[in-house]
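A quick write-up on the structure given underneath.
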Amino acid sequence: MMRGWAPGLALALSLVGATGTSPARAADSAEARAAAQVLFDQGKDLAKAGKFAEACPKFEESQRLDPRIGTQFNLADCFEHIGRTASAWTNFVDVASSTKAAGQPDREQVARARIGVLERKLSRVTVRVDGATTAGLHVTRDGTDIGQALWGTPVPIDPGEHRIEAVAPGKVAWKSTFTVGATASTSTVSVPALADDPAAFKTPEGEHTAPLLGPTAPVTGPVPDQVQGSSGTGQRVAGGVLGGVGVVGIVVGSIFGSTAKSRLDASKGQCRTAALCTADGLDLVSQARSAATVSTIGFVAGGALLVGGLVVFLAAPSSAPRPASAHLVPLLGPGIAGGSVVGSF
């Protein structure tokens, strides 16, 4: 059975199909068109048998595979028979538009007559949204986005049960169900302002305040055995060792400083304010803080060691053996990070 549209009385009762195709096709392959024809024929047989609930999905898939004016008319007619008045009305409106563009006034007239009948039966729903300025707010009905332009506007809707949901970053999701009456009913759904989700945002203040490089008590270490020499050679070795450690500290400070900056930059997309972040944003802020602390300690302690090592090296005597010792004392506390070298040579 080809999907053609018969003239005369039969035209007003049903459409077997369209002689032309929609400007945009879901697929151009011969296989898709063949499948669409099979589905259309099955839909027609089911509709003739009064099995409209089974026929509608056939027409719907046929139209998706190979859009045709006739298929869409039959789909609209099928929707009307199962009480989906808004879906039927929408498809008849599309058919009227397509037939007008195709220069088919008789078919357009039939479609518009069906539109007029359905308009008197349409139920409508108005979705009102509190907190409309909430960043990233999305409202859906039955899984389909409701654009902000439609908030507060009565729109046609199929009778039956529907679900409204609202979500936004850092907010507790909201959802509700409502039932639409069969004929010319009106419904209003109010979406409340979404509450903050305590699990999504938390303040980083006061967290991760413990130093990462050990306790705040002084850390001491013996000078290498070479320091305890019979001349200034040991002292110069000690100075070189301390200076080398200082250079390493500065390098570590540079590396962790770069890491801190990259983590902080990455957190900007996850934080609404400096103190309100998503869990991922908070983790990035924490990583940035930790890296910044290590960087500061590395620079301060490394600089102190480098200077201390230079002083020890330059102060080394040319003779007069003398036992020597040195201690590295980190200085860690609120608002301060650094170190000093204490020793005798």
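Taken along the Cα-to-beta-carbon direction at a fixed 7 Å, the label points for ALA199 and THR153 span 3.6 nm.
Taking 0.36 nm per residue of separation and subtracting the current Cα-Cα distance, fully stretching the chain between VAL247 and ALA132 would add 35.8 nm.
Projecting the Cα atoms of LEU137, ALA111, GLN72 onto the charge dipole of region 68-147, computed from C-beta unit charges around the Cα centre, puts ALA111 farthest toward the positive end. Normalised Debye scattering of region 123-191 at q = 0.12 Å⁻¹ gives log10 I(q)/I(0) of -0.29, counting only Cα atoms as equal scatterers and leaving out solvent.
Taking the Cβ-Cβ separation of THR179 and ARG64 as r and a Förster radius of 22 Å, what is the calculated FRET efficiency to the nearest 0.05? Spell out each step's value before the answer.
On the way: r = 29 Å, r/R0 = 1.30.
Computed FRET efficiency for THR179 and ARG64: 0.15.
The numbers here are math on the coordinates, done by the rules we state, and not lab data. Quick caveat: nothing in here was measured; it's all calculated off a predicted structure. Please note: Cβ atoms are built from the backbone with ideal geometry, for glycine as well, and neighbour counts cover all protein chains shown.
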